[in-house]
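Here's the structure, in structure tokens; my notes come after.
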Amino acid sequence: MTTNNGFDLLHAHAQRLQGMDIPTLLAAEPDRVKRLALKVGPLYVNFARQTYDRTALDALLELAARRDVAGGFARQFGGERINITEDRAVLHSALRGDVGTTPVALAARAEASAVLTQMGALVKALEAGTVTDIVSVGIGGSDLGPRLVADALRPASGARFRVHFVSNVDGAAMQRTLATLDPATTAGILISKTFGTQETLLNGSILRDWLGGSERLYAVSANPERAAKAFDIAAERVLPMWDWVGGRYSLWSAVGFPIALAIGFERFGQLLEGAAEMDAHAASAPLEHNLPVLHALTDIWNRNVLGHATHAVMTYDQRLALLPAYLQQLVMESLGKRVKLDGSPVDADTVPVWWGGAGTDVQHSFFQALHQGSSIVPADFIGCVHSDHPYAINHQALLANLLAQTEALANGQDSEDPHRQYPGGRPSTLILLDALTPHALGALIAMYEHAVYVQSLIWDINAFDQFGVELGKQLASQLLPALQGEAVEITDPMTREVLAQLR
Ligand code: F6P
């Protein structure tokens, strides 16, 4: 079937390349390992173990040009209301730098800078006080980013605060966290863009009651009045955010307050600088040297041309163990769409399932399936050149494993015994950070953010709304009274039956 989605030519390239394995591609293009490597600030990324050749990549770049990716970046950074279903600008770049120079972007930047200063003062005041533990309450974008970055960058010992995160409405999460803490030396941060999220409101109430009031309670919200009122929090302890910051793009805003407490305000600033460096790169690098663009086109190749249904992220750094969970929200909430901007059906598959884990642990769990399973799983392998611990041999072993796995997956190995045969042909992208610094992590996360946006431009979908999560939330709030014993009319027979069993 011929479609006008631009993938037909790419399919023809895939046909042409059929039977050409990764070692053959590497041999056929001697400059490949260098040509497909990009160095952007603290990141080195190599796409040589993907399965496109130079001509197929040119066709992918041609598609990106036709979809006006460069113009898309300009519209985003300039503060155009590209989130058309909610009529909002998308300006997380203004939280970390000045890549956008329009009056809208500059106004956002000024607001963000003022709040950053306010946040710095709160961090300083807390550091000077007697609080030892922080409990951060939020969910989704109000949790995953801060949780990832705080865990990745916190010092191995000697941190000023222990920062704990509670997201799930399951009371066991809050119970276990509070059981280890003393209310007299604990402060709480309630993070919710809307301040209407059930989980955060329920957990926030538990925390306030346990603290004995709101004196050591802080809030971050795009609805600061609601936050202050609902929890009786003094205005100077409520940090604002704005509707032009999407929840899953918000760790750079005051949503990052727990990060600044976990790693220090100065290092939070370095995180922002790293992201700003990636913004500047995305905005100015030509498509063929543009890291987020190449990452996105690689994902398009694997998803739309080769038809791979999942994408894995393997972090060869234990401190990045939460990255797959973070990326699941960033990528799948952004790109899990089935209609285009104009409401018509998308004429290609959109987001694959993203998943992953930390090497070397996962080598001993699901890697069997990656090497010999019947489905091919394209993967990002992420490691750090330098470690921050004193165990040099462990770091060398970690990197040896990273290299070994990517080579084995790509090249495979023949055997007369089919059980011992490795088919190879399993593509991966190698991502190396100089070291796990705030700057490098900021650049890495921003790279993924921009790659998400590029894919949304290719598919012509909105990466910045998430209406798909609403129906379940509505049903849950209708069912809660039924679980509390109220007579509620339930139309679904299965739900009615299970409720009867639960009662
Ligand atoms: O689950 C959907 C969602 O709206 C996410 O997009 C968001 O990050 C999360 O809920 C939390 O929302 P809020 O910050 O408003 O509490």
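The values are calculated or read from the model by the stated rules, or taken from the named source; none is laboratory data. Quick caveat: nothing in here was measured; it's all calculated off a predicted structure. Positions of Cβ are backbone-derived with ideal geometry, glycine not excepted, and every protein chain shown enters the neighbour counts. SASA here: full protein model, heavy atoms, side chains in, ligands and nucleic acids out. Shrake-Rupley method; radii C 1.70, N 1.55, O 1.52, S 1.80 Å.
Things worth noting here:
- Electrostatic dipole magnitude of segment 214-308 [Cβ: Lys, Arg +1; Asp, Glu -1; Cα centre; debye, to 20]: 320
- Antiparallel %, DSSP beta bridges [both residues in the chain], to 5: 25
- Atom-type composition of the exposed protein surface of the chain places 54 percent of the accessible area on carbon and sulfur (1.4 angstrom probe).
- Span-like helix ranges in the chain, DSSP H, alpha carbon extent 15 angstrom or more, Kyte mean at least -1.0: 54-66, 103-128, 198-211, 265-284, 392-411, 438-459, 470-483
- Overall Cα dimensions of segment 26-147 - principal axes, largest extent first, Å: 64, 36, 26
- Segment 409-503 - Kirkwood radius from inverse mean 1/r over Cα pairs (Å): 19.6
- Kirkwood Rh and Cα Rg combined as Rg over Rh, evaluated for segment 4-85: 1.08
- Using Cβ point charges alone (K and R +1, D and E -1), the dipole size of segment 386-503 about the Cα centre works out to roughly 200 debye.
- Taken as Cα centroids, segment 30-84 and segment 144-198 sit 37 Å apart, rounded to the nearest whole angstrom.
- P(r), alpha carbons of the chain - 10 Å bins starting at zero, rounded %: 4, 18, 27, 25, 17, 7, 1, 0
- Gain in span if fully extended, residue 24 to residue 501, counting 0.36 nm per residue against the direct Cα distance: 165.7 nm
- Here the alpha carbons of segment 98-268 define both size measures, Rg and Dmax, at 15.2, 50 Å.
- Residue-span extension gain [residue 176 to residue 289] - 0.36 nm each, minus C-alpha spacing: 35.9 nm
- Once both labels are positioned 7 Å from their Cα atoms along Cα-to-Cβ, the gap between residue 480 and residue 494 label points is 2.4 nm.
- Hits among aspartates and glutamates - C-alpha to C-alpha of residue 34 under 15 Å, sequence gap 8 or more where chains match: 53, 288
- Residues of segment 405-503: accessible area per residue with a 1.4 Å probe, Å²: 51
- For segment 98-268, the per residue solvent-accessible surface stands at 41 Å², with DNA, RNA and ligands left out and a 1.4 Å probe.
- Contour excess over end-to-end distance, with Cα ends at residue 54 and residue 347 and 0.36 nm allotted per residue: 102.9 nm
- Distance (nanometres) between label positions extended 7 Å along Cα→Cβ at residue 124 and residue 185: 2.5
- Relative contact order of the chain, defined on C-alpha pairs under 8 angstrom at six or more residues apart (%): 19
- Calculated [222 nm] ellipticity per residue, helices only, for the chain: -14000 deg cm²/dmol; basis is -39500 (n - 2.57) per DSSP H run with n ≥ 4, divided by all residues, nearest 500.
- 26 Å Cα-Cα threshold exceeded, pairs from 193/337; 124/193; 229/473; 39/193: 39/193
- Relative packing of peptides 415-424, 16-25, 284-293, 474-483 - highest average C-beta neighbours within 10 Å first: 284-293, 16-25, 474-483, 415-424
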